[in-house]
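Read-outs throughout are calculated quantities, based only on the coordinates presented, and are distinct from any laboratory measurement. Given the structure is predicted, the values throughout are model-derived calculations rather than measurements. We place every Cβ from the backbone using ideal geometry, glycine too, and count neighbours over all the protein chains shown.
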Amino acid sequence: MGQELRDRDYAPLRLEEIQRGLVTERLGKKIHYLPEVDSTNLYARNLAEEGGLEGEVVIAESQSRGKGRLGRSWVSPPCLNLYLSVILRPKLPPLHAPQITLMAAVALAETVQCFIPLPTEIKWPNDILVGGKKLAGILTESSCDPGKILFVILGIGVNLNFSKELMPEAIRESATSIMALTGKPVNRSEFTLRLIQNLDRCYGELEEEGFSFLAKRWAGFFRLKGKRVRVQMLEQAILGKAMGIDIDGALILEDERGFVQRIVAGEVIPMEA
Ligand code: BT5
């Protein structure tokens, strides 16, 4: 498969084209576009703390300290991929904040499906996989008062025109990109526009219809249902059968003794194909 990148494929995003094409209720009315930043999530958090509005989007061409979960990092080379964060101020109880990650996973999986003819998988809670490899990751960070979410920073990194050769060795085997999957560079501006529109639609659905409406679509992308998995948590690991998620976004696992467990945070490792 030819994966030739021409100069135009390294071109910066066409912000005006994105803004002109966007039809949304809340997201992307204001887009902060940065050639480089430490982390779009950090930048968006500062904006939110200074009164940034719901729906403001931060996009950077590259990140010097792109963040994953638990102090991990997100590889973010310039002008190849998408690094985006959104300020949300959801009317949800803090307990339901994980629904934002699940909502974003649905929007992201539905966007990816428009660009590749292969099955897209959501790996609970925050990864998008294709062919078993990581295409995108989600990092949601909330700021709460007792009983109230002040804001959520929803951060998304998607590998678009990231070729295998350019990936650092640490992720070369585990990661993929749209271009690596299709053999063709993707129009990053078009992907960005569609993603913001889908996030806006799914966020509206979450607020208006409630989580159960989205949960059905989420389940359609969850390919580990009924499969044996190991869930690695901070201090322990549990083996069991993945059953799905509950209303709070927790993973439901039937453990080896047949007891049903709710897992709020952890890493899911499949034990069978
Ligand atoms: C995530 O964390 O998957 C969340 C990634 C969120 C990144 C976005 S980019 C825009 C916004 N601003 C930020 O600063 N962050 C968000 P986690 O599940 O912890 O996965 C991190 C792990 O994924 C790393 O330890 C690597 O193994 C792997 N990884 C790092 N960069 C990758 C990449 N570009 N593609 C695929 N895998 C990667």
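Numbers for the structure displayed
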item: Highest average packing first - 162-169, 178-185, 54-61, Cβ atoms within 10 Å; result: 54-61, 178-185, 162-169
item: Per residue, the convex hull volume that the Cα atoms of region 1-95 enclose (Å³); result: 159 Å³
item: Cα-centred dipole magnitude for the chain, charges only on beta-carbon of K, R (+1) and D, E (-1), debye, nearest 20; result: 500 debye
item: Contour minus Cα-Cα distance for residue 272 and residue 23 (0.36 nm per residue); result: 85.4 nm
item: Charge-dipole axis of the chain as Lys and Arg at +1 and Asp and Glu at -1 on Cβ define it, positive-most pick from 88, 197, 43; result: 197
item: Sites residue 38 and residue 235 - FRET efficiency at Förster radius 35 Å, r taken between beta-carbons, to 0.05; result: 0.70
item: Euclidean distance between Cα centres, region 129-151 to region 165-183, Å; result: 23 Å
item: Förster radius 25 Å - calculated FRET efficiency between residue 46 and residue 91 (Cβ-Cβ, nearest 0.05); result: 0.60
item: The chain: calculated mean residue ellipticity at 222 nm from DSSP helix runs of at least 4, using -39500 (n - 2.57); result: -8500 deg cm²/dmol
item: Stokes-Einstein diffusion coefficient of the chain, Kirkwood radius over Cα pairs, 37 °C, 0.692 mPa s, in µm²/s; result: 172 µm²/s
item: Nearest-0.05 FRET efficiency for residue 172 and residue 16, computed from C-beta distance (R0 25 Å); result: 0.10
item: Spatial separation of Cα centroids for region 11-48 and region 246-273, in angstrom; result: 35 Å
item: Amide H contacts of residue 144 (H built 1.01 Å from N, under 5 Å, at least 5 apart or other chain); result: 150
item: In range of the label at residue 118: residues from region 166-185 whose backbone nitrogen is under 11 Å from the point 7 Å along Cα→Cβ; result: 175-183
item: Solution diffusion estimate, µm²/s, Stokes-Einstein, region 107-212, Kirkwood Rh from C-alpha pairs, 20 °C, viscosity 1.002 mPa s; result: 142 µm²/s
item: Zone of residue 219's modelled label, taken as backbone nitrogen in region 89-120 under 20 Å from a point 7 Å along Cα→Cβ; result: 98-110, 120
item: Ascending count of other beta-carbon atoms within 10 Å, so fewest first, for 158, 268; result: 268, 158
item: Helical segments meeting 24 Å axial Cα length and Kyte-Doolittle -1.0 threshold in the chain (DSSP H); result: 98-115, 188-209
